Amino acid sequence: MAVYLYANTTKHKVLQSNKDMDEHINSNLLVKYLEVFLPSIYDNWTQSHLTKLNNETESSSDGIVLDNLANTFILSVSDSQKRAKTITFIIEHLVNTDEVGSTNNFSDFEKILPVIMAKLDKLTEKFDDPIAWLRLEWINQVSFTTWSNFQQSLKGFKRNYYRSGIAFEGVREPWLLLTEMELNANACLYMGNTISHAGVNANNLNVYLKARHGSSQIPKFSDDLPVISFNTAGVFIDDHTGECHHLDTQPRFKGHRKLLPLSAETTQPIIEMSTNYLARQVQPSGQYVYGYFPCFGRTIDTYNSLRHASSTYALIEGYEACHSFDAYRNDEAKLALANMKVSIDNAMSYLIEELIQTYDDKAYVIDTGGEIKLGANAVAILAIVKYLQVFKGTPKADNYHALAEQLALGIIAMQQDDGSFIHVLHSKDLTLKAKNRIIYYDGEAAFAMMRLYGLTKDARWLDCVTRAFDYFIEAKHHQAHDHWLSYCSNELIIYKPEKKYFQFAVNNIAGYTDFIKNRITTFPTLLELSMAFHKMLLKLDEHPEFHDVLAGFDVQGFYQALHARANHLINGFFFPEMAMFYKSPQTILHGFFIRHHSFRVRIDDVEHYLSGLIGYFDFLKTANYPKLAAKKYQSTHNVVHTDNEDKNQPVEVGSQDMKSVLSANMGR
């Protein structure tokens, strides 16, 4: 997958060399793809298009004509460089919603081709480059409301989580449609980061309505203005790959291509693409492009040294994963890895030369505002240790070992007599700025010291962690459900398999699995937490004397939550069929976003998604479940096969059956 992305870059440069000829070629190619895929598109359409308005919609529409919505199509295209242009068109008499069981045949549906061809010819003029992405949608669900009721209903949705389109009556067009993607990408229902719920942004809505449908059609927004809320089904055609993807319509997954539950095979290309995305954010100086607010193409101009280091750690993890994939065996793929390695070295050099300052035998990462953060030192150690593990023959080894020790001594200097850590110092004189800032720092520090101990076996680092963990246990840090603490406890039990550490790991996730499974946001650190706990369960298999730490814990429920969370993470991935609606698609393509933060793509967002999915890939590849999952607790937790006709029928579970049961994606 990553190799193909590099090949596309070359292809695109060739295309630009003769724009007029290539626009004609590309337009013809897209039409050819449409012709080839039209039978499949027709099958999708017949199964999913709006066939009959429900009684509730008809009774509430107050005489408003809605029938033409069933014959309405929405076409969006982009050259992959600029925001998509979207138009609406109607194919008359394709569907008659007044006739029950109204049918149509493929020859009727073929009427769509010449219409799309004509639209493509016109839309091509809107772009500098040839059209590369085409998205065709049709309405599959409609509900009627008024402007006043619609605005009130938005208060029940988390910001950017209103997942439908809206339409108003038009002047030249029957309806002025704005799809979910259009509304989100133009921040039409986003009122700012201080408002937690969705709401109409009048300025953004008016600007986009004018651009999309013309100023003469902008409605007067009276309280009783008729409004239609609608959902769509559809397809996406990628000229770069020659693929046609059917769009998902399930509530959590709608808007991007339909996917089966993740497997090792389907998780691998996501890891490849997101690793390459993160590598591309590293500039020649070694500093990252920190992130984007993509609706209007805004670059995030602030910077964060801690996130620079932690993202570099994840980038090295991604490199390691890609290096292990069979797809990276040919010469072109090796070149892609070499380019990735250049990005890693540049990012490491920037970290060491620009962000780290030495103080006698100690070293600290300096962040903005002259702050020394405990967590920044920790993730710098993680990046250095990971670099040394992955690039074993590096000539930088001695220097990196020495620097890691200095950073670790800096952490020890921030540890108090009771085992707790000071979180923030002033860089100018190492005086206290904040005893506590965020609990993440504690877990990061302990995890980093354990990783360094694993590399060097220096007892100072292990002693630091055991003292810290005594404090974490007494202070009930498990109540934070922090993924860093889960990572750390998992590392600690490798060298000190004591019951109290296993118990802490269980307490750190106990009572949290429903949240992991059902949380509406993608929340990628929940997958990291889950993968670390999974590894702890494997380790617990080796210590039957400690199995009682799981008393009352639903292991099967945990694995259902883990799989659901991993699959939900894909809803935060910028596939091209979503990226095309934002101002600068190439800046976000194959990155990961945070929906409720204006679809923000930031290096640490990508970091957490990537780290979690790498752990999940390793899990899927081996399907190595702990024996505990099929052992003595099964008597209190019935396991249900997802393909049984009687869904409530418990089944006997052997170790092999357990793999198939737990692997089922319960969240889809």
Accessible area in the full protein assembly, largest first, 1.4 Å probe, for Lys334, Lys517: Lys334, Lys517
Per-residue HN-Hα couplings for the stretch 296-310 [Karplus 6.51, -1.76, 1.60; θ = phi - 60°; Hz; x = Gly/Pro]: 10, x, 8, 7, 7, 8, 6, 9, 8, 5, 4, 6, 4, 5, 5
In order through the stretch 313-328: 3J(HN,Hα) via Karplus (6.51 cos²θ - 1.76 cosθ + 1.60), integer Hz, x for Gly, Pro: 4, 5, 4, 5, 4, x, 4, 4, 5, 4, 4, 7, 6, 4, 5, 9
11 Å beta-carbon shell around Leu205, net charge (K/R +1, D/E -1): +1
Size of charge dipole - the chain - debye, nearest 20, with Cβ of Lys, Arg +1 and Asp, Glu -1, no other charges: 940 debye
Residue-by-residue Karplus 3J(HN,Hα) for the stretch 212-227, coefficients 6.51, -1.76, 1.60, Hz, glycine and proline x: 7, 10, x, 5, 5, 9, 4, x, 7, 7, 7, 4, 8, 4, x, 10
Exposure rank, largest accessible area first [His563, His597; 1.4 Å]: His597, His563
With Cα atoms, 0 to 90° folded angle of helix 483-495 axis to the chain main axis: 40 degrees
Built amide H within the under 5 Å cut-off of Asn201, gap 5+: Leu189, Tyr190
Under 5 Å, built H, 5+ apart or other chain: amide partners of Thr249: none
Förster-model FRET efficiency, 25 Å R0, Ile90 and Lys158, C-beta, rounded to 0.05: 0.15
Sum of side-chain charges, Trp45 neighbourhood, beta-carbon under 13 Å (Lys, Arg +1; Asp, Glu -1): -3
Residues with amide H under 5 Å from that of Lys433, placed H, sequence gap 5 or more: Val424, Leu425, His426
Heavy-atom accessible surface of the chain: percent carbon and sulfur, 1.4 Å: 49 percent
Residue pairs, from the table Lys362/Lys500; Lys499/Lys627; Lys82/Lys517; Lys111/Lys254; Lys122/Lys258; Lys258/Lys621, whose Cα atoms sit over 25 Å apart: Lys362/Lys500; Lys82/Lys517; Lys111/Lys254; Lys122/Lys258
Average Cα contact separation per residue, the stretch 514-603, under 8 Å, 6 or more apart, as relative contact order %: 30 percent
The chain: angle of helix 112-123 to the longest principal axis, Cα-based, in degrees nearest 10: 70 degrees
Stretch gain in nm, segment Phe106-Leu335, where the contour uses 0.36 nm per residue and the Cα spacing is subtracted: 77.8 nm
Sequence-separation-based contact order of the stretch 285-432, relative, with Cα cut under 8 Å and 6+ spacing, percent: 26 percent
Relative contact order of the chain, pairs being alpha-carbon contacts under 8 Å that are 6 or more residues apart, as %: 14 percent
Peptides 450-459, 532-541, 118-127 ordered by average Cβ neighbours within 10 Å, highest first: 532-541, 450-459, 118-127
Mean ellipticity per residue at 222 nm, deg cm²/dmol - from DSSP H runs of n ≥ 4 across the chain, formula -39500 (n - 2.57): -15000 deg cm²/dmol
Mean accessible surface per residue for the chain, computed with a 1.4 Å probe while every protein chain stays in place, in Å²: 41 Å²
Nearest-ten-degree value, helix 374-390 long axis tilted from longest Cα axis of the chain: 90 degrees
Asn149/Tyr303 FRET efficiency (R0 56 Å; Cβ-Cβ; nearest 0.05): 0.80
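The values are calculated or read from the model by the stated rules, or taken from the named source; none is laboratory data. Fair warning: this is a prediction, and the values are worked out from it, not measured in the lab. Glycine gets a Cβ as well: all are built from the backbone with ideal geometry, and neighbour counts include every protein chain shown. Heavy atoms of the whole protein, side chains included, go into the accessibility calculation; ligands, DNA and RNA do not. Shrake-Rupley method; radii C 1.70, N 1.55, O 1.52, S 1.80 Å.
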